[in-house]
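This report refers to the structure that appears directly beneath it.
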Amino acid sequence: MADLDRRGGGGGGYNSKKRRYRDDNDDYGPRGGSRRRFDAPPHVRVRKQLIAIAENPMRPWHEECQAIANLFTDNWDDELLRSNFVDLVLQLSVEQPLKTPFLAAVVLIANADKPEVVDMLLAKLAGLVEKNIGEGEWRDVKLYLKLAACLQGCLSGDGVFPVLEELFNRAVDLQTASSEDTIGTEIVKIILLTIPYVMATGSPDEWTQKAADLMEKTEIIAAEPHALQALIEPYHPESGDENQQQTQSLMSMLQTQLQAEANSGWTLSCLPRPWEFPLKDVEQQSKVSNAPKHALPTIKIPQTVVAGSKPLFPEVYISVYSQQDVESVPPVTSVASSLIRDALLDSINILHFNRNVTARQLIDLDCYFAPRTFAPRATPFDRLREIEPPKSTWKPEDVAVDAVFSQLFLLPNPEQKLVYYHSVLTEACKLAPAAIAPSLGRAIRYLYRNAPRMDLELSYRFMDWFSHHLSNFGFTWKWTEWVDDLELNDIHPRKAFIIGAINKEIRLSFAKRIRDTLPEPYQVLIAPEKELDVPSFKFANDDAPFAGEGREIAALLKRKAPDEEIDTVIQRIQSQAIDREIDALVASTDVFVTSVLYVGSKSLSHVLAAIERTKDRLSDFGAASDAARTQIIEAVMAYWSIHPGVAICIIEKLLNYSILTPLTVINWALTVKAGKTLGHALALQEVYELVFNTVVKVTGRVRQVVVKVNSPDGMSDDETLALETKNMRALFVAIQDALTGWATGSKDEIIEASTGDGKSLTEKQVQRWGQRWLRVFKRRSAIEEAFLVEAGKEKERRAALAVETSEGQAQSGDVEVPDAPVDETANGNGAAAAATEGVAA
Amino acid sequence: MRGQRTTVERLDRPSAYFNSNKHKKRRFDKDQRDGDDDRNRQQSEQQDEEEHLRTATTLYVGNLSFYTTEEQVYELFSKCGEIKRLVMGLDRFTKTPCGFCFVEYYTHQDALDSMKFIGGTKLDERIIRTDLDPGFEEGRQYGRGKSGGQVRDEYREDYDEGRGGLGRAIAGEKSRGRNYDDDDGRLR
């Protein structure tokens, strides 16, 4: 049931001009291809066809590849075409890697007529592998090697194996040097993911021994769990949880799968083999297999390899469709789970600049793997049961959605901003609603069921995605199926999820709209005040202490009265407070801040303008005492309790003005607010968001300074870095101290309020929230420390490199650019240093 | 391979808006520009414009409902990074929101990401449009239509509840070839 007319959709991102001549000779194929609207020059046609390769499920691969290869070789004299072809194949293999095997097939077929093209390609390919190894761009290394592996059939000697072996030697060096090494692990992953593509090139027998030798060696590294792995597990089960299913490290899983695949003769049934012709084309097949072989140019691998621009972490495999009675995605025992996931993730992360194309490729994913790898598109889950073996029950939509979720739930962070993965799911859902929406529904149910045992950060990512996703689809969800959970207390993780998600929906919309989307039993979750645009002003009521003074200050602020007039009222509040034996600073802070908020209640711009006008006084209040500073947050959160999003925004701005310090926020959230609520505040989404955002702000600041310190233009400021690092560490210590109290049930409030043994349900629930919070911020802290260590190493490396380069150049006397510049900026420094030395000499 | 044309179109490119000011093409499909950028433009102009926008941190956001609040815009656009400033587009006369705004980030990358991940998605249940903008200047927050709102709302023929119903000047005007761009608040 392939979606036959999907070419009309044109991948969403293609413009209409492109679409017009993209299909020039296959739309009218049966009638002889004579009705082209115009003849584009060959290089344009080859480009269009290569870019769109394999997108049409109705066109047999070998035909399509043959046609492109012929068009190319027939126009061999076109110089533009020749060079463009090679560059485009290389570009596509790192930009749209799902198409790599098909590109390789075109090259293999072209090799029969014009073997020179393979030499041109291999020369550039080898250079690119070398360059990317030097720069530590490991994904590109993997993708170029994948292309090379698919070309194994036309390579002489052992083809890509020598490169893989050399890479493995580096991995061993790295792993021997440090148990915390991640580059070595990454290299082994690349090796393991390249082997299957070699083995799928036609004559596996030839390479079985080579592959076995290599895999025997990789096993030691793959089986070793990484030190950081415990922190990046997506689940954080309670002790005593029966469902103690440990997620498997991607590496050990891959190693096991490949071993199994080797034992069953490398069937690799999911990989496409577009270079195989049907039996009737035996002549063509032998022409391709007997075409000349080429040597892969030597690829030099530097003695020290680097981590490159993307931080490397150990990876675990996660699926939201595990625990089903029918297998709708490849099981973790099958190598298909790794190969398909890996190919999809590369496409997803690379194509961030056009989510429409990403979504299109995900929906079309069955075009890029072997026929019969998947069940027909849009097969309802219930019908999978009726599929008879050996037919596949893997639902392409589930496989696609699973891949996106694996990024959304990747710790510590996926490559792109989370909202990118939201947008991919939104587009996929728009392109094929009938197919994708039910898959998303089952994913949501799985995640909701597992919310209590998920890592807390991931739980909130789920909530954030869920509310954002619904906002793109009219806020429709089958809320009725969770009605029973409304009976749970508010700090039960699932109830907390419902409350938080509804609040997030309201923030993207408005209370009345969301109320209309919810069944009756949910209505109580939206307080009537939420429908007010502007909160009430507590000083409008004469019963409130300092009501008169509050109104007076508000009036003065409104007419922008001079400071002295406000001073008078503040002094009056303070002296009254002293009479009443309450904290004068806290009382006057509360009245003043609440009045500023009231004056600015019309919109965020209004309140920000009001804060801007009063920031000096607010700073004075903030500086007066810890209690006063905390009161600023208390007043903001209290005034905007009906719309916590506004409060969070205001506090963020107050942090920017340094009216508040990050520590104040932590103290307010984890000690004051949590204390007052006996820890129940730990279950509130807005409290988590506030703390999390604050931590992100502080760690972001440190990272910014590190970048500056490491930048080549000498903006080094180690003192600032030391100070920022110290502050960050202090913040993490404060967070962990406060949370440890909650996690162990040793907070004073808990002990005082305890019914005795600390075993009551809510006490246990609060402890669990404390533990979940603690894990999030321990991880954050560990990640930042790891980042600082890496940054330190990087700095040393650059310095060493600069010295080395300048020495080398000073000796030889001529400025020689290394073949594979490891680092441009460092070389720049080196050259500059050499230049000055030259002058001195 | 840097600087090479990508094999799929990028969503973080400025639209043809700036150039189209000089070479306005007649458009008969009035909604053509909303959420779907028109790529017909001339190479040289494109370069000029990109020079201008290479470091842009501001986005123009169009096709908002008149009822969408600043808080909602914040909520959505913060997903791409902290917002430095938000300026709501206002009716020149009534000073009420008239369906567009400027979102300013601290970094260029956040603005690009916003183009890629938020432009063309829904806010307040409407598909919104984003475009890179060289930066807000006083005065640009006001609609430039005859009656104070955006030009596109003067001549709109369909009934759009979120944007004040029918176009305000629709009565006598139905001439073809009029430019329906929602270009208020934009640079000229």
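The values are calculated or read from the model by the stated rules, or taken from the named source; none is laboratory data. Note that the structure is a prediction, hence the values are computed from the model and not measured. For neighbour counting, all protein chains shown are included, and Cβ atoms are generated from backbone atoms with ideal geometry for every residue, glycine included. Just the protein is used for accessible areas: all its heavy atoms, side chains included, with ligands, DNA and RNA removed. Shrake-Rupley method; radii C 1.70, N 1.55, O 1.52, S 1.80 Å.
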With the charge dipole of region A:293-355 built from beta-carbon charges (+1 for Lys and Arg, -1 for Asp and Glu) about the Cα centre, the Cα from A:Ile350, A:Ser338, A:Ser328 projecting farthest to the positive end belongs to A:Ile350
Computed from the beta carbon distance with a Förster radius of 25 Å, FRET efficiency for A:Glu63 and A:Asn290 to the nearest 0.05 stands at 0.75
Cα extents of region A:287-384 along the principal axes, largest first, in whole Å, come to 53, 45, 32
The whole-number value in µm²/s of the Stokes-Einstein translational diffusion coefficient for chain A, with Rh from the Kirkwood sum over alpha carbon pairs at 25 °C and 0.890 mPa s, is 80
Rounded to whole Å², per residue accessible area for chain A with a 1.4 Å probe reads 42
In units of 2.2 N^0.38 Å, the Cα radius of gyration of region A:267-311 is 2.02
Over its alpha-carbon atoms, region A:595-703 yields an Rg and a Dmax in Å of 13.3, 37
Order by accessible surface, 1.4 Å probe, largest leading, for residues B:Leu11, A:Leu81 comes to B:Leu11, A:Leu81
About its Cα centre, the protein assembly as shown carries a charge dipole, from +1 on Lys and Arg Cβ atoms and -1 on Asp and Glu Cβ atoms, whose size in debye to the nearest 20 is 3120
Under a 1.4 Å probe, counting only protein heavy atoms, A:His43 has an accessible area in Å², nearest 10, of 50
If the chain between A:Asp490 and A:Ile578 were fully extended at 0.36 nm per residue, the gain over the current Cα-Cα distance would be 27.8 nm
Shielding of B:67-75 by other chains, given as the mean Cβ count within 10 Å, works out to 6
Rounded to the nearest 10, the angle in degrees between the Cα long axis of helix A:204-223 and the longest principal axis of the Cα atoms of chain A comes to 20
Rounded to a whole number, the mean other protein chain Cβ count within 10 angstrom for residues of A:61-67 is 0
A chain fully extended from A:Ser641 to A:Asp39 at 0.36 nm per residue, minus the present Cα-Cα distance, gains in nm 210.1 nm
Percent antiparallel among DSSP beta bridges confined to the protein assembly as shown, nearest 5, equals 90
For chain A, longest principal axis from Cα atoms; helix A:161-177 axis from its Cα atoms; angle between them, nearest 10 degrees, is 30
With bins of 10 Å, the percent of all Cα-Cα pairs of region A:434-504 per bin from 0 is 18, 58, 23, 1
Full extension between A:Asp737 and A:Glu116 adds, at 0.36 nm per residue less the Cα distance, a length in nm of 216.8 nm
The farthest towards the positive end of the charge dipole of the protein assembly as shown, of the residues A:Gln257, A:Asn656, B:Gln150, given +1 on Cβ of Lys and Arg and -1 on Cβ of Asp and Glu, is B:Gln150
CD proxy, 222 nm, chain A: helix-only mean residue ellipticity via -39,500 (n - 2.57) per DSSP H run with n ≥ 4, per residue, nearest 500, stands at -20000 deg cm²/dmol
So for R0 = 45 Å, FRET eff. of A:Gln303-A:Ala722 from the Cβ-Cβ r, to 0.05, ends up at 0.90
For region A:555-629, the Cα gyration tensor yields equivalent-ellipsoid semi-axes (√(5λ), largest first, whole Å) of 22, 14, 11
Beyond 20 Å, the calculated P(r) of region A:691-747 holds a percent of Cα-Cα pairs equal to 39
Rounded to the nearest 10, the angle in degrees between the Cα long axis of helix A:604-624 and the longest principal axis of the Cα atoms of chain A comes to 60
Of the convex hull drawn through the C-alpha atoms of region A:228-358, the volume per residue in Å³ is 248
Semi-axes in Å, largest first, for region A:527-581 (Cα gyration tensor, √(5λ)) are 25, 17, 7
Rounded to a whole number, the mean other protein chain Cβ count within 10 angstrom for residues of A:113-126 is 0
Under the 7 Å Cα-to-Cβ spin-label approximation, A:Ser605 and A:Arg729 lie apart by a distance in nanometres of 4.5
Computed on Cα atoms, Rg of region B:84-174 relative to 2.2 N^0.38 Å comes out at 1.19
Taking a crude spin-label model, label points 7 Å out from Cα along the C-beta direction, the A:Glu206 to A:Glu415 distance in nm is 3.1
Normalised per residue, the volume inside the convex hull of the alpha-carbon atoms of region A:165-315 in Å³ amounts to 163
Whole-Å distance linking the alpha carbon centroid of region A:141-220 with that of region A:342-418 is 26
Within the under-10-Å Cβ sphere about B:Gly81, not counting B:Gly81, Lys/Arg +1 and Asp/Glu -1 give a net charge of 0
Quick calc, A:Gln323 & A:Asp78: beta-carbon distance into FRET formula, R0 35 Å, rounding 0.05, result 0.05
Measuring from its Cα centre, region A:86-145 shows a charge dipole (+1 at each Lys and Arg Cβ, -1 at each Asp and Glu Cβ) which, in debye to the nearest 20, is 160
Computed on Cα atoms, Rg of region A:458-597 relative to 2.2 N^0.38 Å comes out at 1.48
Sorted by accessible surface (1.4 Å probe, heavy atoms of the protein chains only), largest first, A:Lys417, A:Lys676 come out as A:Lys676, A:Lys417
Distance in nm between A:Glu790 and A:Glu564 label points, each 7 Å along Cα→Cβ, equals 5.9
Taking A:523-536, A:212-225 and ranking on average Cβ neighbours within 10 Å, highest first, one gets A:212-225, A:523-536
